[in-house]
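A.B. asks: Got a structure here, written out as structure tokens. Questions coming.
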């Protein structure tokens with residue numbers, strides 16, 4: 001459909017569109033959306049206005065309307081890579097990972113070397129617990145960028161889920177060479193060391209995490225478990241108390257966790273468990 005516009009319409013379109021872009025760049029999203037909405041009232045097929053309106057709506061958390069706008073855009077131009085990727089991302093945020101994968105696949109047909117589309121497809125597959133397919137796509141991401149930290153980490157995580165612990169640890173170590181303070185990788189690396197019985201190494205990793213996040217209850221609790229395995233009972237009790245103080249959901253874990261069994265004969269720990277009932 002061709003929209004016939006006079007000079008006044010064209011002038012107003014340009015004014016509203018440019019104003020919308022300025023507002024969007026300033027993250028004044030509600031007003032930006034209204035500017036693009038005015039553009040679309042005059043020219044319902046303005047693809048740039050559609051896309052930018054969807055960006056503003058997504059930022060506002062109005063995901064369903066953003067999805068509707070992108071669907072309209074793609075009906076006009078099915079090969080719009082940015083719209084395909086944005087639609088996939090919104091579907092994932094709406095907890096519709098299967099549909100997200102379909103959009104990322106279409107985006108990859110348009111742009112076969114897109115790292116962001118390949119990586120996000122892999123994440124959606126992992127979300128659906130398609131571990132093997134996710135792993136293949138993380139590997140493809142790494143062919144596009146061998147130093148892509150999120151892909152390296154998730155490749156390691158997938159390998160860990162499949163039982164390839166040594167290969168997973170190699171991935172985590174590669175990540176830590178590139179990004180020594182990557183919290184997710186340090187956490188998974190330290191936890192895996194602990195599961196392997198390499199308690200002293202695990203303790204070093206978690207001490208580093210505690211320096212970075214001294215008030216993180218989960219890190220404190222896991223460090224308590226490591227200290228218990230090291231027979232450092234006083235340190236274990238100290239950390240488990242701090243963890244529960246920060247997040248009382250760890251109280252239930254402390255009552256039954258086998259990793260804290262070394263503490264159960266100690267009066268201080270017995271008393272602590274009584275107090276948190």
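A.B. asks: Would the range 109-127 turn up any residue that is outside the structural domain of residue 178 (by TED's automatic domain parsing), part of a helix (DSSP H, G or I), over 19 Å from residue 94 (Cβ atoms) and over 18 Å from the mean Cα position of the chain (by Cα)?
C.D. replies: Yes: the range 109-127 contains one or more residues that are outside the structural domain of residue 178 (by TED's automatic domain parsing), part of a helix (DSSP H, G or I), over 19 Å from residue 94 (Cβ atoms) and over 18 Å from the mean Cα position of the chain (by Cα).
This table checks each residue for (1) buried (at least 16 other Cβ atoms within 10 Å of the Cβ); (2) touching a helix residue (DSSP H, G or I) at 6+ places or on another chain (Cβ under 6 Å); (3) at pLDDT 95 or above; (4) assigned by TED's automatic domain parsing to the domain that holds residue 61.
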{"site": "71", "(1), (2), (3), (4)": "no, no, yes, yes"}
{"site": "83", "(1), (2), (3), (4)": "yes, yes, yes, no"}
{"site": "98", "(1), (2), (3), (4)": "no, no, yes, no"}
{"site": "103", "(1), (2), (3), (4)": "yes, yes, yes, no"}
{"site": "143", "(1), (2), (3), (4)": "no, no, yes, no"}
{"site": "146", "(1), (2), (3), (4)": "no, no, yes, no"}
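The rows are residues; the columns are (1) assigned to a helix (DSSP H, G or I); (2) out of contact with any strand residue (DSSP E or B) (no Cβ under 9 Å at 6 or more places or on another chain); (3) buried (at least 18 other Cβ atoms within 10 Å of the Cβ).
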{"site": "184", "(1), (2), (3)": "yes, yes, no"}
{"site": "188", "(1), (2), (3)": "yes, yes, yes"}
{"site": "192", "(1), (2), (3)": "yes, yes, yes"}
{"site": "215", "(1), (2), (3)": "no, yes, no"}
{"site": "235", "(1), (2), (3)": "yes, yes, no"}
{"site": "239", "(1), (2), (3)": "yes, yes, yes"}
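For every residue, the table says whether it meets (1) touching a helix residue (DSSP H, G or I) at 6+ places or on another chain (Cβ under 7 Å); (2) assigned by TED's automatic domain parsing to the domain that holds residue 227; (3) surrounded by 17 or more Cβ atoms within 10 Å (Cβ to Cβ).
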{"residue": "129", "(1), (2), (3)": "no, no, no"}
{"residue": "136", "(1), (2), (3)": "no, no, no"}
{"residue": "149", "(1), (2), (3)": "yes, no, no"}
{"residue": "160", "(1), (2), (3)": "yes, no, yes"}
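A.B. asks: Let me ask you something else. For a quick check of your reading of the model, give me the residue pairs whose first member lies in the range 66-82 and is closer than 26 Å to residue 113 by Cβ, whose second is outside any helix (DSSP H, G or I), with beta-carbon atoms closer than 6 Å and at least 6 apart or on different chains.
C.D. replies: Partner pairs satisfying both residue conditions: 76/45; 81/111.
A.B. asks: Could you check the range 141-167 and list, in sequence order, the residues that are more than 19 Å from the chain's Cα centre (by Cα) and outside any loop (DSSP other than H, G, I, E, B)?
C.D. replies: Passing the criteria: 143, 144, 165, 166, 167.
The values are calculated or read from the model by the stated rules, or taken from the named source; none is laboratory data. Everything numeric in this text was worked out from a predicted model, so none of it was measured. Glycine also receives a Cβ, built like all others from the backbone with ideal geometry; neighbour counts cover every protein chain displayed.
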